[in-house]
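Peer 1: Supplied in structure tokens, the structure appears directly below.
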Amino acid sequence: MPNGTIAAHEEHHGHHHPALQHHFQDLDQQHEAATLGMWLFLVTEVMFFGGLILAYTLYRIWYPTAWALGSEELNIYLGGFNTIVLIGSSLTMALAVRSAQTGAQRATVGWLLFTIALGLTFLVVKFFEYKEKFELHHVPGPNFQFEGPQSPHVQIFFSLYFALTGVHALHMIIGVGLMSTLTFMAYRKRFTPEWYTPVELGGLYWHFVDIVWIFLFPLLYLVDRSHHII
Amino acid sequence: MSGHISPKSTYITIFGALMVCTILTVIAAFINLGDLNFPVAITIAVFKATLVVLFFMHVKYGSKLTKLIVGVAFFFLGIMLSLTMADYLSRGWYTSARGSTSAGSIVNVTGPLTTGAQALEPAAQNTSPK
Amino acid sequence: METTVVESPVNYINHKHTVASWLLTYDHKRIGILYLIVVSTAFFLGGIFAALIRLELTTPAGDLLSADVYNRMFTMHGVTMVFFVLVPAVPAVLGNFAMPLMIGAKDVAFPKLNLMSWYIFTIGFLFTVTSMILGGVDTGWTFYTPYSSQGSESNVLITGIGVFITGFSSILTGLNFMVTIHRMRAPGMTWFRLPLFIWALYATSLVMVLGTPVIAITLLMLVFERGLHLGIFDPRLGGDPVLFQHLFWFYSHPAVYIMILPPMGVISEVIACFSRKNVFGYSFVAFSSLAIAVFGFLVWAHHLFVAGISPYSALIFSFLSFAVAIPSAVKTFNWTATLYKGAIWWKTPMMFVFGFLGLFLIGGLTGLFLASLGLDIHLTDTYFVVAHFHYIMVGGAIMGYFAGLHFWWPKMTGRMYNDTMGKMAALLIFVGFNLTFGPQFILGYLGMPRRYHVYPPEFQVLNVLSSAGASILAVGYVLPLFYFLYSLKFGEKAGANPWKATGLEWTTQSPPLAENFPATPIVTEGAYAYSKREMKVA
């Protein structure tokens, strides 16, 4: 006889939360599953960016001069400003999650909107940075121009700059999209202290994208500002 | 559903700490610490990331499984970086009497280039940082 | 005492009939069938490329295919088989179907994500097929730079993007499986009461989640370099093509464990059932799956031994490559010990298990030859390597997949296939396989390089043997298509548990209800309580 008694073990809830999906037993299990799923997704993101970080690490060790020269060309004010903006958006996101946890519906909408605004600010600044790079012919490819014998290596630096910040910006754009969806759901009063999982998951994603930038800022913008290499 | 609710003051404090660290890392970048500049920048970045993970992402109050997952992610990233760099950094340590098969240095390239890249002069040695 | 399984005439197949109900399904069982259709298509497509390769190689001269066309043949054979057959076959087909049933769950944790995985998989496959129609790729499935990024004029971008897209299917499936196994086990199903197939799927999912993103970013970098002229691997800028190899193999070596771990899990299930015995050393087998998953991430540079890596690094990777064989050996010994004093029941699934045991052994041991630095210098990029990985991938993984298909077919369809025909297929596959790939060990040892469409005349006899074997193998693989399809209409009704197996999936009807179980099962004993059962089976 197979594994133990098959009992009629259906739990009957008097009240079925509208967000409960049928294959879960209760909201707790569903929430735990969702959170675990998002964390595993973030693991994949760590490895995804990790490949680019590996390339960066190798070439920084091989070409310190080119790295210093390339980094110098990046606008530290815009980079620094963007860092503050993004960390600020992590704060507003954390406060949005907190508002959802405490059932403060209007505050949730407000903090989410603030987060979106900061995210968009970051992207706008990035756009202007890219525009400047394009005008200075620092975009790798047939039109790349850079003075001096380090030029080929500097082209690698800029290749990684665009790859890293480009993939990051793509994640930001997706993040803004996610936040917009969450804002709409919050506006429609979908979240309660009993169920606010999407906001929490959105928060995890957003913080991760912030963490990537926390590393990208010194790696790209602060290579040799004290001129100990060049 | 359960979930730790941090007070607003926690978030503000962490934000403040992150701002201080950002300013610190910029200042440190302008001070000539030689070979230490890079490790200092990375250390500050790791500290900032830790704050975000622990407090903004609630890992401090999360389950052991969550903490394990965060650890595992960075562990495997570390494996990828360290074992690959173990190869590159040990190139040129050993050369047999008949020569080396390791690609130890950057070679000069002659001939037509199609991406617009200019020919290299013998560039800096790659295996040990200056 | 037997519990009669209450059987309903309504099941997951017949409760809804429209095409839309299949293409928009959230049911893990239907999604498993959808994967079966695409994976089978890819298998036959990859097989056609293999047939063309073996046809060309019957003569030493390049008379059937030009060098350029031949390059495209082996590339598309590799891409199709690796990414669209071997990686998804057991996890996405059998895992999707059986895993929730085996842990007593109603579905996977994220059913909508599961459907999306299938669509992503199929779209990636269509990209690759499009590339084939446009002439394919000639870089080898390994896409080495700088040929793939600069030199090749073939459809690298489309294929690269296709594989990139499909990678996300793998990532999402792995994520889904891990969460399901963590959070949705039935009451009483503790970790150490889990069937070993579930341990194998869990370990596989770990690899999928950690490794696949790296090939994703690597292919993206290749696409950036080729399409947007970013210079990351370009030697003319000072880039290192070997960096591509490091990044590529960081995923692609663990990928081979994605390909072999689930079939190993299948072997555990089938060997227990058809020896009527608990798997010997259950916890050793369970932990060895995890060990393979973790160790598998530490050995990738054994694919770069002759690429110019440092000898010290080569030493480390050689040592680690020997170490990674140990958990596989643990499994093989435990399976053998399972057979001892068991009551062997000679049915088709067991035939595939025996095939697996012998062929995986040879494949695994020849891996050690290649892990040995001095030998590898001689054997690398020869047919020895080709034979080695085909013994594991085809002799191991595909055999395991077929064992699983033949084991769970009655559960999936409610029908029994003709067992004699099944055994015939297994025999043809075993004989054909050995004839195809056995001679290739010798060819490689004698120095015949891989990926060459011409060879010195003294190698012809072995090549002809190999091609002859391939034709037998082809018959063996086509046969199941006929008897499986035949069984759908005319096969004997299977009933809930035709194999008298343990496992929650056998306690419910065949085919199962859409929601799997009429009531949530409660687990009170370990996975393979066969000693408490009758030893005599039909």
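The values are calculated or read from the model by the stated rules, or taken from the named source; none is laboratory data. Given the structure is predicted, the values throughout are model-derived calculations rather than measurements. Using ideal geometry, Cβ is built from the backbone for each residue, glycine included, and neighbour counts are taken over all protein chains shown. Just so you know, the surface numbers come from the protein's heavy atoms only, side chains and all, with ligands and any DNA or RNA stripped out. Shrake-Rupley method; radii C 1.70, N 1.55, O 1.52, S 1.80 Å.
Peer 1: With each label point set 7 Å from Cα along the Cα-Cβ vector, what nm distance links C:Ala61 and A:Ala19?
Peer 2: The two pseudo-label positions are separated by 7.3 nm.
Peer 1: Give the carbon-plus-sulfur fraction of the accessible surface of the range A:127-230 in %, rounded to a whole number; probe 1.4 Å, heavy atoms of protein chains only. List each step's numbers first, then the result.
Peer 2: Details: 2540 of 3920 Å².
In the range A:127-230, the share of accessible area belonging to carbon and sulfur is 65 percent.
Peer 1: Right, something else. Given points 7 Å out from each Cα along the Cα-Cβ axis, report the B:Ser96 to C:Leu126 separation in nanometres with one decimal.
Peer 2: Between B:Ser96 and C:Leu126, the label points sit 5.3 nm apart.
Peer 1: A further question on this structure: Counting other Cβ atoms within 10 Å, which chymotrypsin sites (Phe, Trp or Tyr not before Pro) in the range C:396-485 have at most 12 and lie in a DSSP loop?
Peer 2: Details: sites: C:Tyr401, C:Phe402, C:Phe407, C:Trp408, C:Tyr417, C:Phe430, C:Phe433, C:Phe437, C:Phe441, C:Tyr445, C:Tyr452, C:Phe459, C:Tyr477, C:Phe482, C:Tyr483, C:Phe484; in loops: C:Tyr417, C:Tyr452.
Loop-located and lightly packed - none at all.
Peer 1: So for A:Lys189, C:Lys106, what's the accessible-area order with a 1.4 Å probe, most first?
Peer 2: On the way: A:Lys189 145, C:Lys106 70 Å².
The most accessible residue leads, giving A:Lys189, C:Lys106.
Peer 1: Quote the total accessible area buried by chains A and C together, excluding ligands, DNA and RNA, probe 1.4 Å, nearest 100 Å².
Peer 2: Working: alone 13110 and 21280 Å², together 30180 Å².
Approximately 4200 Å² gets buried when A meets C.
Peer 1: Further question: May I ask you to derive the FRET efficiency for C:Leu446 and C:Ile133 from their Cβ-Cβ distance with R0 = 45 Å, giving the value to the nearest 0.05?
Peer 2: Efficiency at R0 = 45 Å is approximately 0.75.
Peer 1: Within the set C:Lys341/C:Lys500; A:Lys126/B:Lys60; C:Lys106/C:Lys423, which residue pairs have Cα atoms separated by over 23 Å?
Peer 2: With Cα atoms farther than 23 Å apart: A:Lys126/B:Lys60; C:Lys106/C:Lys423.
Peer 1: Here's a follow-up. Mind giving me the FRET efficiency for C:Leu488 and C:Phe287? R0 is 25 Å, r the Cβ-Cβ distance, nearest 0.05 is fine.
Peer 2: Values: r = 39 Å, r/R0 = 1.58.
The calculated FRET efficiency here is 0.05.
Peer 1: Could you work out what % of the accessible surface of chain C is carbon and sulfur, using a 1.4 angstrom probe and leaving DNA, RNA and ligands out of the count? Before the final figure, lay out the partial values.
Peer 2: Working: 13230 of 18260 Å².
Accessible surface attributable to carbon and sulfur in chain C totals 72 percent.
Peer 1: Determine the per residue accessible area of chain C with all protein chains present and a 1.4 angstrom probe, expressed in square angstrom. Don't skip to the answer; put the middle values down first.
Peer 2: Working: 18260 Å² over 538 residues.
Averaged over the residues of chain C, the accessible area is 34 Å².
Peer 1: Using the basic label-point model (7 angstrom from Cα toward the beta carbon), what is the A:Phe134 to C:Lys341 distance in nanometres?
Peer 2: 7.6 nm
Peer 1: Mind ranking C:375-383, C:6-14, A:20-28 by how tightly packed they are, going by the mean number of other C-beta atoms within 10 angstrom, highest first? Can you show the working numbers first?
Peer 2: Numbers: C:375-383: 18.1, C:6-14: 13.9, A:20-28: 16.1.
The peptides rank, most packed first, as C:375-383, A:20-28, C:6-14.
Peer 1: Given R₀ = 51 Å, what would the calculated FRET efficiency be for B:Asp35 paired with A:Ala107, taking r from the Cβ atoms and rounding to 0.05? Can you show the working numbers first?
Peer 2: Working: r = 48 Å, r/R0 = 0.94.
Efficiency for this residue pair is about 0.60.
Peer 1: For C:Lys112, go through the lysines and keep the ones whose alpha-carbon is under 19 Å away, minus same-chain ones fewer than eight residues off.
Peer 2: Filter leaves C:Lys16, C:Lys29.
Peer 1: Counting only other chains, and only Cβ atoms inside 10 Å, what mean value do you get across the residues of B:29-39?
Peer 2: Numbers: counts 9, 5, 3, 6, 2, 3, 2, 1, 8, 8, 0.
So the per-residue partner count for this stretch is 4.
Peer 1: Identify the residues of the range A:28-64 with backbone N under 18 Å of a label point that sits 7 angstrom from the Cα of C:Trp191 along the Cα-to-Cβ direction, or state none.
Peer 2: A:33, A:36-37, A:40
Peer 1: Kindly provide the helix-only [θ] at 222 nm of chain C, computed as the sum of -39,500 (n - 2.57) over DSSP H runs of four or more divided by all residues, to the nearest 500 deg cm²/dmol? Each step should come with its number before you reach the end.
Peer 2: Working: 16 runs with 332 residues, N = 538.
Result for chain C: -21500 deg cm²/dmol, rounded to the nearest 500.
Peer 1: Can I ask one more? Cross-link partners among lysines for B:Lys64, C-alpha distance below 22 Å, same-chain residues fewer than 8 apart left out?
Peer 2: The reachable lysines, counting only those whose Cα sits under 22 Å from B:Lys64, are B:Lys48.
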